[in-house]
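> Please read through the structure below; I'll follow up with questions.
The values are calculated or read from the model by the stated rules, or taken from the named source; none is laboratory data. Everything numeric in this text was worked out from a predicted model, so none of it was measured. Cβ sites come from the backbone with ideal geometry, for glycine too, and all protein chains shown count toward neighbours. Accessible surface areas use protein heavy atoms only, side chains included; no ligands, DNA or RNA. Shrake-Rupley method; radii C 1.70, N 1.55, O 1.52, S 1.80 Å.
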Number of protein chains: 2
Amino acid sequence: MTRSEENYLKAIFHLGGSATASVATNAIAEEMETKPSSVTDMAKKLAEKGLVNYVKYQGVSLTEVGIQTALAIIRKHRLWEVFLVKKLDFSWDEVHEVAEQLEHIKSEKLIDKIDELLDYPKYDPHGDPIPTKNGEFQERDKQLLSELPIKSKGICVGVNDTSSTFLRFLDKHKIALGDAIEVVEKEDFDDSLFIKIGDRNLHISNQIATNLFVKKDG
Amino acid sequence: MTRSEENYLKAIFHLGGSATASVATNAIAEEMETKPSSVTDMAKKLAEKGLVNYVKYQGVSLTEVGIQTALAIIRKHRLWEVFLVKKLDFSWDEVHEVAEQLEHIKSEKLIDKIDELLDYPKYDPHGDPIPTKNGEFQERDKQLLSELPIKSKGICVGVNDTSSTFLRFLDKHKIALGDAIEVVEKEDFDDSLFIKIGDRNLHISNQIATNLFVKKDG
DNA sequence: ACAAATTTTTAGATTTGTCTAAATTTAAAT
DNA sequence: ATTTAAATTTAGACAAATCTAAAAATTTGT
């Protein structure tokens, strides 16, 4: 498995390319910041290796083996992110770039030991679930903060946008995973939200509310 | 800097290619398990970048920049080895392969944090010195066990051969870095040694004695 | 010092992953 | 149902890193 092949599998997975749903060449090219013709080449190569299903002009989908391979890479990426934050005091907006490199280190023992050192975390610093060694992973019960009805309460469990600008925005306004959030009022005009977080009242834009995941109370 | 370029610099450094001494094409090829013609190609490329001095048919030597770059890679390699042993319970014969991958991770912050986490170790698990962030490193005061005179005592401070077969041999016979060793007698016939280590008496071959470094007492 | 052996370099080919530009297929629109 | 637009693939090229085989330079041995 080359690094490039691994990155393609990861991209296809993130675009929802399960065994059933297939992903367009252009979409993969955009996700990977490469050209569609390069994607076509790689699609053939991965199909050759039995990692994807590829039919000309019909897009790409992952095979069962492809899914498991993608999950193994995502597992490594997310475990390294936890490691960087918990053990090396990286902030959550700094980890992605380094984890992109670390995820390609080939050593089963290494990642299992890191998992153990971290006491088998279930979620990464952005709230995304970490697949198990067997490739199982369950999407968390969550919804966008923007979808929460007025007066209801929730716990902040994840972010949709993981860009460092957004993450630093959250840090600045002291919004962190695990915080209790109550929707006080919605502004119809611009879909902004008045929320209560801890004992503070905040007014946040719709763009913020559509990038924060919460788990509804009760 | 590509991974391949980094590996060449490391190899040249290990072969003693300082600013003054130059290293033969064939020697580099052998060290890297590649062909001399490949070395010539890379020598040109590295010279182009100002990392080595290269004169046709005269071998390769590192420039000051090349030396500092090599030291940075060696620093990363050895720090990762310490991390694997101290934090993840790898044995010293398992770390090399993984460290060969980890040494190429590009993040100054990462390696500085690892250094901090390990409390700034001076030596790696095989007793080799770890260069500082500024590229300084002092070779330890050491000699081969085989060179120690009869009746003298020393502390085991390093290994010459780092192959896993040799390291596992040492584990099996409970010889570890830090152990006190006394040379009781030498056998002229085969240059084997009778040594006292702790309260045990051992008879070791010359091949073992020429691969163990000790620091002489007093 | 000169032939032989060794080392090193060159020339040309290969693989991987990428690109551009042109051709083809599929999808959309009138 | 055509035409137009968009997406996708092909063909050919390129850079990086490697290889083989042959040529050139250096070193060694007598």
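> Take chain A, connect every pair of alpha-carbon atoms lying under 10 Å apart with a spring to form a Gaussian network, then pick out the residue of A:28, A:181, A:150 with the largest mean-square fluctuation.
The residue that fluctuates most here is A:150.
> Continuing with the same structure: Rounded to the nearest 20 debye, what is the charge dipole size of the range A:3-62 about its Cα centre when +1 sits on each Lys and Arg Cβ and -1 on each Asp and Glu Cβ?
Details: 7 positive and 7 negative charges, 35 e Å.
Rounded to the nearest 20 debye, it is 160 debye.
> Compare each residue of the range A:92-114 in its chain alone against the assembly with all protein chains, and report those whose accessible area goes down by 20 Å² or more; 1.4 Å probe, heavy atoms.
At a threshold of 20 Å² (probe 1.4 Å), the residues of the range A:92-114 that become less exposed are A:94, A:98, A:101, A:102, A:105, A:106, A:107, A:109, A:110, A:113.
> If you bin the C-alpha pair distances of the range A:49-117 every 10 Å from 0, what whole percents do you get?
Histogramming the range A:49-117 at 10 Å steps yields 20, 39, 25, 14, 2 percent.
> Per-residue ellipticity at 222 nm for the protein assembly as shown, helices alone: DSSP H runs ≥ 4 residues times -39500 (n - 2.57), over residue total, nearest 500 deg cm²/dmol?
Working: 16 runs with 178 residues, N = 436.
It comes out at -12500 deg cm²/dmol, rounded to the nearest 500.
> Still on this structure, I have one more. Running a GNM on chain A with Cα contacts under 10 Å, which residue among A:188, A:124, A:171 ends up with the highest mean-square fluctuation?
Result for chain A, Cα springs under 10 Å: A:188 fluctuates most.
> Now for a separate question. Under 18 Å between C-alpha atoms is the cut-off here; go through the range B:143-216 and count lysine pairs that meet it, provided they're at least eight residues apart or on different chains.
The result is 15.
> For the range A:3-62, report the accessible area per residue in Å² (1.4 Å probe, heavy atoms, rounded to an integer).
Numbers: 3370 Å² over 60 residues.
That works out to 56 Å² per residue.
> Moving on to the next point. Using only protein heavy atoms and a 1.4 angstrom probe, determine the accessible area buried between B and A, summed over both sides, in Å² to the nearest 100.
On the way: alone 12230 and 12210 Å², together 22800 Å².
The summed interface area works out to 1600 Å².
> Which residues among the range B:92-108 fall inside the zone where the amide N is under 17 Å from a point 7 Å beyond the Cα of residue B:5, along Cα→Cβ?
Answer for this model: B:104-108.
> Between residue B:87 and residue A:91, how high is the FRET efficiency from 1/(1 + (r/R0)^6) when r is the Cβ-Cβ distance and R₀ = 22 Å? Nearest 0.05.
Efficiency, rounded to the nearest 0.05: 0.55.
> What is the sum of charges, Lys and Arg at +1 and Asp and Glu at -1, for the other residues whose Cβ falls under 13 Å from the Cβ of residue B:32?
Numbers: positive: B:3, B:10, B:35; negative: B:5, B:6, B:30, B:31, B:33, B:41, B:100.
Residues near residue B:32 contribute -4 overall.
> Sticking with this structure for a sec: What are the trypsin sites (Lys or Arg not before Pro) within the range B:74-169 that DSSP puts in a loop, where the Cβ has at most 14 other Cβ atoms within 10 Å?
Working: sites: B:75, B:76, B:78, B:86, B:87, B:106, B:109, B:113, B:122, B:133, B:140, B:142, B:151, B:153, B:168; in loops: B:106, B:122, B:133, B:140, B:142, B:151.
Counting only loop positions with at most 14 other Cβ atoms within 10 Å, the trypsin sites (Lys or Arg not before Pro) in the range B:74-169 are B:106, B:122, B:133, B:140, B:151.
> Can you list, shortest first and in nm, the gaps between the label point of residue A:179 and those of its counterparts in the other copies, using a point 7 Å from Cα in the C-beta direction?
Inter-copy label distances (nm, one decimal, shortest first): 5.7.
> Under a point spin-label approximation (7 Å from Cα along Cα-to-Cβ), what is the residue B:118-residue A:176 distance to one decimal in nm?
2.9 nm
> Further, regarding this structure: How large are Rg and Dmax for the range A:1-148 when calculated on the C-alpha trace, in angstrom?
Rg, Dmax (Cα atoms, Å): 16.0, 47.
> So how far apart, in nm, are the two label points at residue A:206 and residue B:207 if each is 7 Å from Cα heading toward Cβ?
Each label point lies 7 Å from its Cα, and together they span 7.6 nm.
> A further question on this structure: Could you run the Karplus curve 6.51 cos²θ - 1.76 cosθ + 1.60 with θ = phi - 60° over the range A:60-71 and give me ³J(HN,Hα) per residue in whole Hz, x for Gly and Pro?
10, 9, 7, 7, 4, 4, x, 5, 4, 5, 4, 5
> Between the range A:139-218 and the range B:131-208, how far is it from one alpha carbon centroid to the other, in angstrom?
62 Å
> Given a cut-off of under 8 Å on Cα pairs at least six residues apart, what relative contact order in percent is computed for the range B:76-150? Write out the running numbers ahead of the final one.
Values: 58 pairs, mean separation 24.5, N = 75.
Relative contact order for the range B:76-150 comes out at 33 percent.
> Right, here's the next one. At residue B:132, label 7 Å along Cα→Cβ: distances to the other copies, nm, ascending?
In nanometres, ordered from closest: 4.9.
> Would you mind getting me the FRET efficiency between residue A:57 and residue B:21? Use the beta-carbon distance for r and R0 = 60 Å, nearest 0.05.
On the way: r = 60 Å, r/R0 = 1.00.
E between residue A:57 and residue B:21, to the nearest 0.05, is 0.50.
> With a cut-off of at most 13 other beta carbons within 10 Å, and DSSP calling the residue loop, which chymotrypsin sites (Phe, Trp or Tyr not before Pro) in the range B:86-193 qualify? Please list them. Mind dumping the intermediate values first?
Numbers: sites: B:90, B:92, B:123, B:137, B:166, B:169, B:189; in loops: B:90, B:92, B:137, B:189.
Taking the range B:86-193 and a limit of 13 other Cβ atoms within 10 Å, the loop chymotrypsin sites (Phe, Trp or Tyr not before Pro) found are B:189.
> Let me ask something else about it. Can you give the accessible area per residue of the range A:98-218, in Å², using a 1.4 Å probe? Walk me through the intermediate numbers first.
Values: 6560 Å² over 121 residues.
Value for the range A:98-218: 54 Å² per residue.
> With a 1.4 Å probe and every protein chain kept in, tell me what percent of the accessible surface of the protein assembly as shown is carbon plus sulfur. Write down the numbers at each step before the final one.
Working: 11090 of 22800 Å².
For the protein assembly as shown, the apolar C and S fraction of the accessible surface comes to 49 percent.
> Defining the label point at 7 Å along Cα→Cβ, can you sort the distances from residue A:19 to the same site in each other copy, shortest first, in nm?
6.3
> Enumerate the whole-percent occupancy of each 20 Å bin, from 0 to the last occupied one, for all C-alpha pair distances of the protein assembly as shown.
In whole percents, the pair-distance histogram is 20, 43, 28, 9, 1.
> Using only the Cα atoms of the range A:143-216, construct the convex hull and provide its projected area averaged over every direction, in square nanometres to one decimal. Write out the running numbers ahead of the final one.
Working: hull surface 16.7 nm².
For the range A:143-216, averaging the hull's shadow over all directions gives 4.2 nm².
> Across every pair of different alpha-carbon atoms, what Kirkwood hydrodynamic radius in Å does the range B:89-139 reach?
Values: mean 1/r = 0.0824 Å⁻¹.
By the Kirkwood definition, the hydrodynamic radius is 12.1 Å.
> May I ask for the longest run of chain A untouched by GluC sites (Glu not before Pro) that are loop-located per DSSP and have at most 15 neighbouring C-beta atoms (other than their own) within 10 Å? Please report the intermediate quantities before stating the final value.
Details: sites that count: A:33, A:136, A:139.
It works out to A:34-135.
> Could you give the dipole magnitude of the protein assembly as shown about its Cα centre, charging the beta-carbon of Lys and Arg +1 and that of Asp and Glu -1, in debye to the nearest 20?
The dipole of the protein assembly as shown has a size of about 100 debye.
> By a straight-distance test (C-alpha under 20 Å), which lysines pair with residue B:35 as possible cross-link partners, with residues fewer than eight away in the same chain excluded?
Answer for residue B:35, where 20 Å is the Cα cut-off: B:10, B:44, B:45, B:56, listed by chain and number.
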